[in-house]
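No lab work stands behind these numbers, since they all come straight from the coordinates. Values in this document were obtained by computation on a predicted structure and should not be read as measured data. Don't worry about glycine lacking a Cβ; one is built from the backbone with ideal geometry, like all the others, and counts go over all protein chains shown.
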């Protein structure tokens, strides 16, 4: 068949792009416009092979083979098929399992069935050499694409390079049409003004009984803490708490039935939003009466809007915890009929009413933010989700109170 197919090893393509643009192969250091990247691959493949594109196969790893936000966006794009291998952690590093085998199987099957005349391989792994040789024996022309190496050397198997029919290097100019280093981009919105409550939370003295659990957990979680949010606007909650500041789990345990009573200082304030384990500030009720009357997003959303929300989540929402909180807050505010609820909510900062907070976290869980160990959202991600939520609330309330001439 006179058409071309592109097989992409996403681990190689994006890892090499990160090395080139950010100086290290961590994909968390780059932001990818997947629509632009797919379009660029298609145009380049059709130009090089002089054949129309049949399909792009995107091979990547994912924890438990569960599609991540980028995979959900990719698989609904025209002419794109996503194939997932496993992503496992060993010795503190992530490694793909089964991706090379899946690429090899797809390559040989396409060639055997004469599904195309040309195959473009975007990979550097020498394990694909037998598949490349088999494809050539079936009369398929094999084009091998590399990403420009940061050090100017090869970042592909030399055997793979030697066996390819045609070669192309995707240079920095080509890569930067769809990929950029996060630290090179602008900030989407200015960081929110510091809240005095945050400083009080972080500086509050705590009972000795809470220090050990917090310190132990931070030692265990330090290397797993997520990177800063993509827009760079994440406030203090995004940063791991200093030792001695309890997490919700610590304080909830202290408040649990049968737990030894501990006297909290008046300045100790719980750093989360739901009710369990809440430590009251002086003169503030544990549950403001107006919180119970606040509508949830589900109550404000029609069936048509629910469908449109799902479509937007799949195609445009990136899944960064901070961004997820922003999206949820925008939808809630846009559909809110009684704007007095917004003012009441703003006055509750940093506490989100329990029903809305639970709905926010359930929404965030759709984006693969669950820690697979215990099906809970990582503590630091929860802080970032809520920080994004409050950022949007701040922007809206500040705009409403701005002078008319501004």
Between segment 17-88 and segment 341-368, the alpha-carbon center distance in angstrom: 33 Å
Is the shape of segment 4-184 rounded, prolate or oblate, going by the alpha carbon gyration tensor and its root eigenvalues a ≥ b ≥ c, with a/c under 1.5 for rounded and a/b larger than b/c for prolate? rounded
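Is the C-alpha gyration tensor of segment 21-72 telling us rounded, prolate or oblate? Criteria: a/c under 1.5 is rounded; beyond that, a/b larger than b/c is prolate, otherwise oblate. Mind showing how you got there, number by number?
On the way: a/c = 2.63, a/b = 1.51, b/c = 1.74.
The shape class here is oblate.
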Does a label point 7 Å from the Cα of residue 94, set along Cα-to-beta-carbon, have any residues of segment 46-71 with amide nitrogen under 16 Å, and which are they? 59-71
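Rank-order 114-126, 340-352, 160-172, 52-64 by packing density, defined as the average count of other C-beta atoms within 10 Å over each peptide's residues, highest first. Write down the numbers at each step before the final one.
Details: 114-126: 21.4, 340-352: 17.0, 160-172: 15.0, 52-64: 19.3.
Top to bottom by mean Cβ count within 10 Å: 114-126, 52-64, 340-352, 160-172.
Tell me whether segment 85-181 comes out rounded, prolate or oblate; compute the Cα gyration tensor, take square roots of the eigenvalues as a ≥ b ≥ c, and use a/c under 1.5 as the rounded threshold.
On the way: a/c = 1.90, a/b = 1.24, b/c = 1.53.
It is oblate, given that a/c is not under 1.5 and a/b is not larger than b/c.
Report the extension gain between residue 1 and residue 138 in nm, rounded to one decimal, defined as 0.36 nm multiplied by the number of residues separating them, less their alpha carbon distance.
Values: separation 137, 0.36 × 137 = 49.32 nm, distance 1.22 nm.
Going from the current span to full extension adds 48.1 nm.
Note down the relative contact order for segment 4-184 as a percent, whole number, built from C-alpha pairs under 8 angstrom at least six residues apart. Spell out each step's value before the answer.
On the way: 332 pairs, mean separation 49.9, N = 181.
28 percent.
Using Cα-Cα distances under 8 Å and only pairs 6 or more residues apart, what relative contact order does segment 293-360 have, in percent? Before the final figure, lay out each step's value.
Numbers: 21 pairs, mean separation 36.0, N = 68.
This gives 53 percent for segment 293-360.
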Extension reserve of the residue 315-residue 154 stretch, reckoned as 0.36 nm per residue once the Cα distance is removed: 54.5 nm
Roughly speaking, what is the centre-to-centre gap between segment 106-168 and segment 308-326 when only Cα atoms are used, to the nearest Å? 35 Å
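Test of understanding: what is the full-extension gain from residue 47 to residue 308, defined as 0.36 nm times their sequence separation minus their Cα-Cα distance?
Details: separation 261, 0.36 × 261 = 93.96 nm, distance 3.57 nm.
Extra length available between residue 47 and residue 308 comes to 90.4 nm.
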